[in-house]
Structures are given as structure tokens and as C-alpha cells.
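Values quoted throughout were computed directly from the atomic coordinates according to the rules given, and no laboratory measurement underlies them. Every value quoted in this text rests on a predicted model; they were computed, and no experiment measured them.
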Amino acid sequence: MPEPMLELKGVSVQFGSFLALRKVSVSVAEGEIVVLLGANGAGKSTLFRAVSGLERPSEGTIHFDGQDISRLAAHRIVREGVAHAPEGKHLFTEASVRKNLLLGAYVRRKDPAGVQESMEEVFDLFPMLRAKAGDAAGTLSGGQQQMLSIGRALMARPRLLLLDEPSLGLAPLVVEEVFESILEINRRGTAVFLAEQNAHAALKVAQRGYVIESGSVALEGDRDTLVDNPEVRRAYIGV
Ligand code: ATP
């Protein structure tokens, strides 16, 4: 097992008296695709928000490349190499596709040549975004908006991409397309931490994963262990 790039140890996140995450320990190594499975409200988004610096753990540590990032400001965490495509996409719907992408490169604004290079890489990955670069983001289809949300996160040139429910609300064929692009992003060298309720799609691309229930890790293992687990099959694959 390689040294983890991202490592959460005993992380809890509390909202008032409610513990949304309870002593969660998970990791992602360089080059991996790891899935976080769990039902609505299990704590997946909270975990990603904690990694991104949008929630503060009440206990535990979050290390990226050996550095404790759990108290760093969100923009510093992006600069360290972690980008987040949140659930619900959070695009600027009135702004153009190009403008949305540029906003993803905000922390790199002093490197316009590098930003332009990243924009070309995103356009190579999603040619449809190149064709629609001048269109308002709100005019794109759901699948296209999901690709824009992923593309915007890639504009930060992350080494780790946090993808929160990229399949949500998409038709099966579009889900396949999105997951194909996740594989390609990973082939190009970016590790991916993926939160999903769609275990069927996620376990086709992930090497490893965790099941999170009521804020705790209930199960972890490699893809085959998860696919064969009766509870995973019943709860998340529907067989
Ligand atoms: P979903 O797929 O619905 O996003 P999830 O697994 O990502 O589910 P979270 O969004 O992390 O779940 O939510 C975990 C729990 O924490 C839920 O019960 C949610 O209501 C609660 N929660 C999340 N954010 C807050 C907040 N800011 N204040 C209070 N409770 C919150």
C-alpha cells in the first residue's frame, strides 16, 4: 500500500449537538480512484467539505502530502492540490462556460499561460465545452453542467479531485459518459475521491471504497469485496 496522499484520522464534524461525522478514518493514495458510498444524509458531503476546509473537524486530523490541512483556509487547500466539484454543481448559470472555467483557476490567476493550457486540457476532455464556451452555463443540459462542474475543478490543476455525486439526476447513458471521463482524468494522473449513491456505476471505476452510514465508516474494502458484500448489494446496487 503506497503512502496515502490524503489521510483522515478520527475526524468528527459537529453541527450544534448533531455529530454528522464520527471518528472517520479514510485515505486516498496517489493515482487511486476511491469511492465513498452512502445513502442520503450519511455524511459524504460533510466529509468532502471538511477536506476542502469548508467545515472544521471538532476532532481528528486531515493530512494531505503529510501536511495537516485541517485548519488551512479553503483557498490554501486548493493551492495545495485538492479541488472539489460539489454536489449540485454550484455553477454561475448566467456566466459563460469559459467564465465558469476561469473561476476554477482563481488561485492560479498569476499564471495566465498555465491557465490557458489547463483550459485546453479541459476542452480536450470535454469537446462539447469548447463548442459551447461562449454560452451561458444555465443553457447546458444536466450532463453538460456536470462536466462543466468537473472541468471547473480541474482548472485548479489538482492532484486530488473530490467529486460529490456526479451521477445525481443524470440519465444512465450520460452517467456512463461522466464516469468514462472520470477514468480519463485518473489516467492523466489525478487521484479521484468520489462520493456516490450509485454504487453500480461507481464500483466500475473505483479500485477501493468505503461505506459510510450515519456519519461512521461501516465497511471498507477493495472493489470486489464491496461488490460481493450482500449489504452493499442490497442497499446500494438494488439486487
Ligand atoms: P446527501 O447525498 O443528501 O448530500 P450526504 O451523505 O452527503 O447526503 P451530508 O450532506 O454530509 O450527507 O449530511 C450529513 C448530515 O448532516 C445530514 O443529517 C444533514 O442534515 C446534516 N447537515 C449537513 N450540513 C449541516 C449543517 N450545516 N447544519 C446542520 N446539519 C447539517
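Odds and ends about this structure:
- Taken over the Cα atoms of the stretch 1-103, the convex hull encloses 130 Å³ per residue.
- For the chain, DSSP calls about 55 percent of its internal beta bridges antiparallel.
- Nearest-ten-degree value, helix 142-154 long axis tilted from longest Cα axis of the chain: 90 degrees
- A cut-off of 5 Å between modelled amide H atoms, ignoring neighbours fewer than 5 places along the same chain, links Ile69 with Ile62, His63, Phe64.
- Per-selection Rg to Rh, the stretch 56-153 - Cα, Kirkwood hydrodynamic radius: 1.03
- Longest to shortest principal axis, alpha-carbon extents of the stretch 175-239, angstrom: 33, 23, 20
- Diffusion constant of the stretch 155-211 at 10 °C, which comes from Stokes-Einstein with the Kirkwood Cα-pair radius and 1.306 mPa s, µm²/s: 136 µm²/s
- Counting only the Cα atoms, the stretch 118-239 fills a convex hull of 116 Å³ per residue.
- Angle between the chain longest axis and helix 172-187 axis [Cα atoms, degrees, rounded to 10]: 90 degrees
- Kirkwood hydrodynamic radius of the chain, from the reciprocal of the average inverse Cα-Cα distance over all distinct pairs: 18.0 Å.
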